[in-house]
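Q: One structure, as structure tokens, below. Some questions next.
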Amino acid sequence: SIASADMDLNQLEAFLTAQTKKQGGITSDQAAVIAKFWKNHRAEIHESLISQSCWDNVLKNMNWRVDLQSQLRHTDQINTPVAIVEMELGKNGQ
């Protein structure tokens, strides 16, 4: 629950407090160990979850712009917006 919600320190404290008060929950010593572990390894756990959730290609970069047509044979198409999107894909982990 802590990792999937990517809890900040305030959320972590509230969650662990609730777990210690729950019937059959964790002890305050266990909560302290979990909190210390999460504080020290949060970034690595988050990156691991992200890498496990990406199967194939990932978005590396994206550029976009909107062009307006200023000269055409048919005047009814002038000032028609055209969106151009460029997406760079890459393999996960590369």
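Q: What is the one condition in (1) open to solvent by 100 Å² or more (accessible area, probe 1.4 Å); (2) in contact with a Ser or Thr (Cβ under 9 Å, 6 or more places away or on another chain) that Ile26 does not satisfy?
A: (1)
Q: Could you tell me whether the stretch 33-56 includes any residue that is open to solvent by less than 70 Å² (accessible area, probe 1.4 Å) and in a strand (DSSP E or B)?
A: no
Q: Shifting gears a bit: Could you grab me the full set of residues in the stretch 63-94 that are surrounded by 10 or more Cβ atoms within 10 Å (Cβ to Cβ), modelled with pLDDT under 75 and among the β-branched types (Val, Ile, Thr)?
A: Correct list: Ile78 only.
Q: Quick check on my filter: what residues within the stretch 6-32 are in a loop (DSSP other than H, G, I, E, B) and within 19 Å of the chain's Cα centre (by Cα)? Working first, answer last.
A: Going residue by residue through the stretch 6-32, those that are in a loop (DSSP other than H, G, I, E, B) are 6-8, 22-27.
Within the stretch 6-32, Asp6, Met7, Asp8 meet the criteria.
Q: With Lys21, Lys60 as the choices, which residue is open to solvent by less than 100 Å² (accessible area, probe 1.4 Å) and basic (Lys, Arg)?
A: Numbers: Lys21 fails: open to solvent by less than 100 Å² (accessible area, probe 1.4 Å).
Unique residue meeting the criteria: Lys60.
The values are calculated or read from the model by the stated rules, or taken from the named source; none is laboratory data. Not measured: the values here are computed from a predicted model. Cβ coordinates were reconstructed from backbone atoms using ideal geometry, including for glycine residues, and neighbour counts include every protein chain displayed. Just the protein is used for accessible areas: all its heavy atoms, side chains included, with ligands, DNA and RNA removed. Shrake-Rupley method; radii C 1.70, N 1.55, O 1.52, S 1.80 Å.
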